[in-house]
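Scroll down for the structure; my scribbles are underneath it.
Here, each number is a calculation from the coordinates, and none is a lab measurement. What you are looking at is a predicted structure, and each value in this text was computed from that prediction instead of being measured. Glycine also receives a Cβ, built like all others from the backbone with ideal geometry; neighbour counts cover every protein chain displayed.
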Amino acid sequence: MSTRTIQGQKNLQNINQASKDGIGGSPLRPDGNLKVKGEFAYSSDMWHEDMLWGMALRSPHPRANILSVDISEALKVPGVYAVLTHEDIPGSKYYGLEIQDQPALAIDKVRYHGEAIALVAADHPETARRAVKKIKVEYEVLTPIVTEEQCLDPETHGYVHEPHEYKSHGYGNICHEQKLVSGLGVTDEVRALADVIVSGDYEVGMQDQAFLGPESGLAVPAEDGGIDLYIATQWLHVDRQQMAPVLDLPEEKVRLTLAGVGGAFGGREDLSMQIHACLLAQHTGKPVKIVYSRDESFFGHVHRHPAKMHYEHGATRDGKLVFADCRIVLDGGAYASASPAVVGNAASLGHGPYVIPNVKMHAIALYSNNPSCGAMRGFGAVQAAFGYETQMDRLAAALGMDPVELRQLNAMAEGDFMPTGQQIDSPAPVAELLQRVKDMPLPPPLDTEHLDVRQIPGALSNTSHGEGIVRGVGYSVGIKNVGFSEGFDDYSTARVRLEVIGGEPVAMVHTAMAEVGQGGVTVHAQIARTELGVEQVTIHPANTEVGSAGSTSASRQTYMTGGAVKLAAEAVKRALIEKGRRRYGWTHHDITLVGGKVVSESAGPLVSMVDLLGDEAIDLTREHHHRPTVPFDKETGQGFGHVQYTFCANRAVVDVDVELGLVKVVELTAVQDVGKALNPLSVVGQIQGGCTQALGLAVMEEIIVRDGKVRNASFTDYLIPTILDTPPIPVEILELPDPHAPYGLRGVGEAPTVSATPSIVAAIRNATGLALNRIPVRPEHLTTERPGEL
Amino acid sequence: MEFLRPATWDEALAAKAEYPTALPISGGTDVMVEMNFDVHRPSAILDLNRITELTEWTNDGSVVRLGASVPYARIIDELSGPLPGLALAAHTVGSPQIRNRGGVGGNLGGASPAGDAHPALLAAGRDVFVEAASVRGTRMIPIDEFYVGVKRNSLAADELIRAVHIPVADGPQQFSKIGTRNAMVIAVCAFGFALHPKNGTVGTGIGSAAPTPRRAVEAEEYLQGVLAERGLWESGDLLGAEVIQKFGELVKAAASPIDDVRGTADYRRHSLAVMARRTLTWCWNDYSKQIRSAA
Ligand SMILES: Cc1cc2nc3c(=O)[nH]c(=O)nc-3n(C[C@H](O)[C@H](O)[C@H](O)COP(=O)(O)OP(=O)(O)OC[C@H]3O[C@@H](n4cnc5c(N)ncnc54)[C@H](O)[C@@H]3O)c2cc1C
């Protein structure tokens, strides 16, 4: 770009430092030091000469008809360049990840608290804010449809989307539905086969991704009539695919470059300000930047689906599971977002990593006037795990069995079948993970002689000098799929270029992978080093000049884009060796690339890459597709629906002040099979991060919604764990290769988020004797609930 | 927006008299957050940070005069001897960054029912005064008359807080606060307690469980009565479970909390009773140890 801009040119510089670390090593992340020092350029730090600031007017009502929008006063504010409503949208007015049911700006009605209605571009954010306040909207406020009962009775309470508007396969206010039956299903005859039956109703609150970098981006209109968007997202190409029709531009004229991402966790899988910034840039012909404030961020992205679940499990006297029945109701909120996939995961993974001969399942996502819910780390599987793991503890108690032994007795292993009929065709060491987590040494008991207030629940606020504190221990295990499922071909593309720069062979890796903090760029460099035998690797900024890398979600990027980098690097390697064969007539069959040289394992070094390459660059692009899957049958849920499974087991040790209901997690142990740890340090970081986010869901994180309105859109009242809430997290890693995956690796990021929450709640139950059927567990639940049956 | 930066206290008072709607800013840990959230759009801001005397304190042996802007971190480091209750409360405020900036003047200025200094100030006794000044002169506002409504105090539009006068502790003091996480948390509710053996009184302060911070008057009177009737100030003997229990119940009864996103009214009542029992027990144990070692 010719004009002065700030876009984070430094963010990737440290990766260019030469390293010997290939896969299996733990080179440090390039962004680590920059982030700690405050030098990393996030998307919100971008700047462009002459840029305007965009801002949205949002609905204060969860459900209302818009009678009129008067923008005239806003337009008169000096410094305002544009005020837009849906009428100004040049192309299609709707977008959506899977179902295009969401208007880019509200049309005649609003369906959730915070829905964007109009946009302002001004020369200063304060000017934009003032102008937004001058837009006059006349609403006819309607009673929001917010409870399951209201949603399922549209005759009485109305429709969130009119039936004729439906773009999904849903009906009523149901956005998506998945049933599943296996074995004999669950009938009275099947129930009669069980000696013991336990059932329960469970509830999961609405968790937020709570990433620290608010939604932001910079849209720059280009001379060719297109747009360049610098954006913090999880998937550049799917953003573009949704944006182009609305902007009425061909996809190639919508060019996206990844800007510094401040966390994602699923919350950037949907569009937020992308279309808005581009519409304003198109309209004004000027660069437009949008940065959400913290409260706007809570309205600007989807959340984790709150869930209500009913589970029933039957087992024989000796603990063998006979059947499991489950109904899961997920509140998807106003728009579909990723609801169909969330339902698919909940239905197919909702019985956990257990062999159960007879299964029934019914999972639905509702349309409601609550905030939209979509992707968040472990989606569908997280909610269900709280249900089935609580059931396992209940069943163990009813049978008088050890809860870990009960799980091990029913644990699935390689060769077993999922309730979907899919055979597990790679290691599934569920029983072993449980054994290992149980065998890890326990932390010492609370030292009441030398109390350290930081170790006691609440004691930094001086609530206890040791009184009322009871220790509890809980276990859990979980299952998550890796990659996109149900027939989706979420391929990844990678371009690898090998050339001589400054007398050294240098590999360049170019993908559209969104580095959201997971360490993908570090792993890409490691893969290139391993495959090409070079030390110098540069990472090209991620953009849409190269093919799609799919989403940074579903624990898939190392598997999918890492796999693509491997394929492209292997192709470059073959091309280089072929070049050598042509030039030198080699006939060896054992040629490889090591230490900047072409080497025959038997004959030794053949030639340096520098000499072989000369001035020429080898530049190849490859796509990586995972093995195909199929959609689940709508009625039976049967089908080879998932690419790969991943498992994690946890043990939580908690101290609870049982009088005050305050909890301190003392230790949270994790054992996970990762197939192959490409970067062990990053793997441990992912597992610890996943456990911490699970801890948040267990004891504090919830968006509180009353009558469709969000009540705690701030970090004052939406609490995430601080360092003092985060215990030591010992991690043990197993590496049992998956023969279907590159390097045998297994996606890492989500499994601990699925499994850790139930272990913490189990530990609190163990300490208190309470039932605790709802998460997050709040202090008042621990002081007012009657001891439950365990 | 005007930005006023007086260099002296007199200039500050003059500025406040001229611009009564000017919003004072000290540590800014409330003001800046609220402006960021667009809660305030003050016509003017009155920056008190150049007035160094506001960051000073003095102790004449019986009363500490605490400058309005002395940050919490310094209260913890320098005043935990004479003001143990306030220092404990200061400990629970926010994070190190907040404790380096925020102070009691700002807590009083905001007068949030959740402010952590308030229960400790109330418990420190009826002789705690807010020194409020204006071009018209200086007023010593008793702490019991300072809080008048949700986030409202009894300052006049032209007044600023110069200092808080707090008696030096003559007995044990405690402060407890409930939060839904283990650090960096706004109080769900809080309780301050102090023994004042010199005049045979006890002090209490309830936070986040009523429209304003308030004292549990009946609980104080009950306990004072028991201590006097049974000669416990002199003997330092055990209080007994019944007294502790009753005290907790009376503290609970003094609260009028609501349900909100931070917690339920029931939980607030319940936890106040627990905190009251615990803080009383801790203070009394310390006190009787002192009596016994003196005997
Ligand atoms: C992350 C975070 C965590 C926090 N945690 C806590 C907590 O745990 N407990 C707690 O109690 N508070 C907490 N707070 C709130 C805040 O830090 C405290 O209320 C603090 O005491 C405010 O002091 P300040 O000097 O920063 O006040 P400022 O923000 O400068 O001012 C606050 C109010 O007082 C007025 N004011 C300031 N000085 C004077 C004066 N001399 N005369 C008259 N009016 C004046 C201002 O006009 C304003 O209304 C937190 C804030 C943040 C941002």
Expressed to one decimal in nm², the mean projection of the alpha carbon convex hull of the stretch B:1-48 is 3.1 nm²
So for A:Arg582, A:Arg454, fewest C-beta neighbours within 10 Å to most, what's the order? A:Arg582, A:Arg454
Once both labels are modelled 7 Å past Cα along the beta-carbon direction, what's the B:Arg65-B:Ala241 spacing in nm? 5.0 nm
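First measure r as the distance between the Cβ atoms of A:Asp195 and A:Gln423, then evaluate 1/(1 + (r/R0)^6) with R0 = 25 Å and state the FRET efficiency to the nearest 0.05.
For A:Asp195 and A:Gln423, the calculated efficiency is 0.30.
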Name the residue, out of B:Met35, B:Met275, B:Met184, whose mean-square fluctuation peaks in a Gaussian network model built on chain B with Cα pairs under 10 Å. B:Met35
Counting only other residues whose beta carbon sits under 14 Å from that of A:Ala18, what net charge do I get with K and R as +1, D and E as -1? -1
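How do B:Thr52, A:Thr522 rank when sorted from fewest to most other Cβ atoms within 10 Å of their own Cβ?
Values: B:Thr52 12, A:Thr522 27.
Placing the least packed residue first, the sequence is B:Thr52, A:Thr522.
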Among A:Val204, B:Val226, A:Val322, which comes first, then next, by fewest other beta-carbon atoms within 10 Å? B:Val226, A:Val322, A:Val204
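Return the loop-located GluC sites (Glu not before Pro) in the stretch A:399-463 (DSSP other than H, G, I, E, B) with at most 15 other Cβ atoms within 10 Å of their own Cβ; answer none if there are none.
Numbers: sites: A:Glu405, A:Glu414, A:Glu432, A:Glu449; in loops: A:Glu414, A:Glu449.
Loop-located and lightly packed - A:Glu414, A:Glu449.
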Measuring from a point 7 Å past the Cα of A:Glu616 along Cα-to-C-beta, which residues in the stretch A:559-578 have an amide N at less than 20 Å? A:568-578
Determine one quarter of the surface area of the Cα convex hull of the stretch A:618-744, which equals its mean projected area, and express it in nm² to one decimal. 14.3 nm²
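Give the calculated FRET efficiency between A:Asp153 and A:Ala222 to the nearest 0.05, with a Förster radius of 45 Å applied to their Cβ-Cβ distance. Please report the intermediate quantities before stating the final value.
On the way: r = 51 Å, r/R0 = 1.12.
Once the sixth-power term is evaluated, E becomes 0.35.
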Multiplying the sequence separation of A:His588 and A:Ser92 by 0.36 nm and subtracting their Cα-Cα distance, what value in nm do you get? 172.7 nm
Which three extents, in whole angstrom, do the alpha-carbon atoms of the stretch B:173-294 cover along their principal axes, largest first? 47, 27, 24
Which of A:Gly185, A:Leu409, A:Thr448, positive extreme of dipole for chain A (C-beta unit charges): A:Thr448
Show me, bin by bin at 10 Å from 0, the whole-percent P(r) of the stretch A:387-470 based on Cα pairs. 14, 26, 25, 21, 11, 3
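Need one number: convex hull volume per residue for chain B, Cα atoms only, in Å³. Show your work: numbers first, answer last.
Numbers: hull volume 36.5 nm³, N = 295.
Cα convex hull per residue, to the nearest whole number: 124 Å³.
Under a Cβ-only charge scheme (Lys and Arg +1, Asp and Glu -1), can you give me the dipole magnitude of the stretch A:254-312 about the Cα centre, in debye to the nearest 20? Could you put the intermediate results ahead of the total?
Values: 7 positive and 5 negative charges, 54 e Å.
Approximately 260 debye in magnitude.
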Placing +1 at every Lys and Arg Cβ and -1 at every Asp and Glu Cβ, with all other atoms neutral, what dipole size does the stretch B:173-294 have around its Cα centre, in debye to the nearest 20? 400 debye
Putting +1 on Lys and Arg Cβ atoms and -1 on Asp and Glu Cβ atoms, find which of A:His589, B:Val130, A:Thr463 reaches farthest to the positive end of the dipole of the protein assembly as shown. B:Val130
Dividing the helical contributions, -39500 (n - 2.57) per DSSP H run of n ≥ 4, by the residues of chain A yields a 222 nm value, nearest 500 deg cm²/dmol, of -7500 deg cm²/dmol
Spin-label point model (7 Å from Cα, Cβ direction): what's the B:Ala7 to B:Ser154 distance in nm? 3.6 nm
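Can you flag which of A:Lys664/B:Lys177; A:Lys76/B:Lys151; A:Lys134/B:Lys16; A:Lys664/B:Lys246; A:Lys179/A:Lys308; B:Lys16/B:Lys151 are past 27 Å Cα-Cα? Display every interim value, and only then the final one.
Working: A:Lys664/B:Lys177 15 Å; A:Lys76/B:Lys151 36 Å; A:Lys134/B:Lys16 31 Å; A:Lys664/B:Lys246 29 Å; A:Lys179/A:Lys308 16 Å; B:Lys16/B:Lys151 20 Å.
Violating the 27 Å limit, Cα to Cα: A:Lys76/B:Lys151; A:Lys134/B:Lys16; A:Lys664/B:Lys246.
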Could you estimate the translational diffusion coefficient of the stretch A:690-737 from the Stokes-Einstein equation, with Rh from the Kirkwood formula over C-alpha pairs, at 10 °C and 1.306 mPa s, in whole µm²/s? 122 µm²/s
How big is the stretch A:582-671 in terms of Cα radius of gyration and Dmax, in angstroms? 27.9, 81
Among all the lysines, which ones have a C-alpha under 30 Å from A:Lys597's C-alpha, if same-chain residues fewer than 8 places away are not counted? A:Lys20, A:Lys566, A:Lys573, A:Lys579, A:Lys676
Rh (Kirkwood, all Cα-Cα pairs) for the stretch A:329-403, Å, reads 13.4 Å
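Quote the FRET efficiency, to the nearest 0.05, computed for B:Asp260 versus A:Arg129 with a Förster distance R0 of 30 Å and r equal to the Cβ-Cβ distance.
On the way: r = 27 Å, r/R0 = 0.91.
After rounding, the FRET efficiency stands at 0.65.
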With the dipole of chain A defined by +1 on each Lys or Arg Cβ and -1 on each Asp or Glu Cβ, the option from A:Gln557, A:Val656, A:Val643 whose Cα lies farthest towards the positive pole is A:Gln557
Rounded to the nearest whole number, the per residue volume of the convex hull around the C-alpha atoms of the protein assembly as shown in Å³ is 193 Å³
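With +1 on the Cβ of every Lys and Arg and -1 on the Cβ of every Asp and Glu, and nothing else charged, how large is the dipole of the protein assembly as shown about its Cα centre, in debye rounded to the nearest 20? Could you put the intermediate results ahead of the total?
Values: 96 positive and 130 negative charges, 216 e Å.
Here the protein assembly as shown has a charge dipole of around 1040 debye.
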List the aspartates and glutamates whose alpha-carbon lies under 17 Å from that of A:Lys10, not counting same-chain residues fewer than 8 positions away? A:Asp31, A:Glu39, A:Asp45, A:Glu515
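Average partner chain C-beta neighbours within 10 Å, per residue of B:261-272? Let's see the in-between values first.
Details: counts 11, 7, 4, 6, 1, 3, 9, 2, 0, 7, 10, 0.
Per residue, the number of nearby Cβ atoms from other chains is 5 on average.
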B:Asp38 label point, 7 Å along Cα→Cβ, cut-off 16 Å on backbone N: hits in the stretch A:98-140? A:113-137
